[in-house]
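Here is the structure we will look at, set down as structure tokens.
The values are calculated or read from the model by the stated rules, or taken from the named source; none is laboratory data. Since the model is a prediction, treat every value here as computed from it, not as a measurement. All Cβ positions, glycine included, derive from the backbone under ideal geometry; neighbour counts span all protein chains shown. We work out accessible area using only protein heavy atoms, side chains counted, and drop any ligands, DNA or RNA first. Shrake-Rupley method; radii C 1.70, N 1.55, O 1.52, S 1.80 Å.
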Amino acid sequence: FAGLIAGAISMAIGEWISVTSQVDLFRGILKDLRRMVKHDKPLLASQLADNLRGTGISQDTANRAAAEIAADAKHLHTVYASRVMGINPEELGSPWTAAFSSFMLFTLGSLAALLPWFFTGGLAAISLSVVFTGLGGLLVGGYVARSGGHSVAWGAARQLAVIVLAAGVTYGVGYLFGTTIR
């Protein structure tokens with residue numbers, strides 16, 4: 001249970017830091033882009049036209065579209081950010097949503113391994129923890145793969161392999177430090 005709480009908090013903090021850093025980086029990039037819109041609009045319009053041409057639009061049409069977009073500084077900023085840089089200025093992400101989601105998903109995932117210990121102990125709890133964790137991994141891996149249009153069997157097997165690897169490393173570290181389960 002202590003591992004569940006520590007792990008969930010650690011995951012939440014890690015997600016918060018990661019998304020906060022990403023949002024800060026994107027805000028800095030967008031601030032630099034705002035400055036470029038003010039000082040070098042023709043360069044941005046030219047790069048936007050090049051980007052549009054890369055999608056199969058004719059040179060003439062791409063140049064006209066880029067010039068029309070560049071006529072409005074805010075529109076140029078938004079379109080350039082999304083088309084050329086791949087950043088949606090309106091959706092940079094929420095550190096708190098990421099942290100909460102990570103906390104909850106880690107907690108739910110941990111319950112598969114933890115619940116048997118509330119009802120039994122020893123080899124029975126170990127066996128049930130392994131089985132529940134494996135089944136949970138197979139279900140989640142299969143669901144995620146299917147949602148992404150991939151093979152359910154491949155996704156389930158991949159998820160199970162990652163769980164087995166993580167469990168093996170965890171067991172190995174525990175063994176090196178003399179940790180035992182009673």
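For the chain, what percent of Cα pairs sit more than 20 Å apart? Percent of Cα pairs beyond 20 Å in the chain: 69.
Looking at the stretch 124-182, the chymotrypsin sites (Phe, Trp or Tyr not before Pro) that sit in a DSSP loop and have at most 16 other Cβ atoms within 10 Å of their own Cβ are PHE177. Between the stretch 129-165 and the stretch 1-40, the alpha-carbon centres lie 29 Å apart.
Between LEU108, LEU123, LEU92, the Gaussian network model of the chain with springs among Cα atoms under 10 angstrom shows the greatest mean-square fluctuation at LEU123. How high is the relative contact order of the stretch 119-177, in percent, counting Cα pairs under 8 Å that sit 6 or more residues apart? Reported as a whole number, the value is 25 percent.
Helical runs assigned H by DSSP (4 residues or longer) give the chain a calculated mean residue ellipticity at 222 nm of -28000 deg cm²/dmol, each run adding -39500 (n - 2.57) before division by the residue total. Here the accessible area is traced with a 1.4 Å probe on the protein chains. For the stretch 119-177, carbon and sulfur cover 77 percent of it. The residues of the chain have, on average, 67 Å² of accessible surface per residue, using a 1.4 Å probe with all protein chains present. Sequence-ordered 3J(HN,Hα) estimates for the stretch 169-180 from the Karplus curve with 6.51, -1.76 and 1.60 and θ = phi - 60° stand at 5, 4, 4, x, 5, x, 5, 4, 8, x, 7, 10 Hz, glycine and proline given as x. About its Cα centre, the chain has a charge dipole of approximately 60 debye under the convention of +1 per Lys or Arg Cβ and -1 per Asp or Glu Cβ, with nothing else charged.
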